[in-house]
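First the structure, in the form of structure tokens, and then the observations on it.
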Amino acid sequence: MKKSCNLIARILTFAVSAMAVWVLLINSTISSIKERLNSVYYNIPVTALRYY
């Protein structure tokens with residue numbers, strides 16, 4: 001009984017750590033995508049002004 005509880009605890013800690021890493025990765029990718037989109041949105045009016 002104690003072994004199964006220990007195993008469950010290990011699985012839970014592993015799952016929690018994996019979720020934390022996953023969330024950090026998702027947040028970093030979302031922020032980088034937002035930065036890229038912002039740079040694109042800032043560049044569009046600049047290029048449009050150049051052509052006019």
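The numbers here are math on the coordinates, done by the rules we state, and not lab data. Here the structure is a predicted model, which means the values were calculated and not measured. Here the Cβ is made from the backbone with ideal geometry for all residues, glycine too, and neighbour counts use every protein chain on show.
Scanning region 1-38 for residues that are loosely packed, with under 10 Cβ neighbours inside 10 Å and of a type in the set (S, T, N, Q) turns up just one, S4.
Would it be correct to say that S31 is under 17 Å from the mean Cα position of the chain (by Cα) and either assigned to a helix (DSSP H, G or I) or of a type in the set (V, I, T) (or both)? Working first, answer last.
Working: under 17 Å from the mean Cα position of the chain (by Cα): yes; either assigned to a helix (DSSP H, G or I) or of a type in the set (V, I, T) (or both): yes.
Spelling it out, S31 is indeed under 17 Å from the mean Cα position of the chain (by Cα) and either assigned to a helix (DSSP H, G or I) or of a type in the set (V, I, T) (or both).
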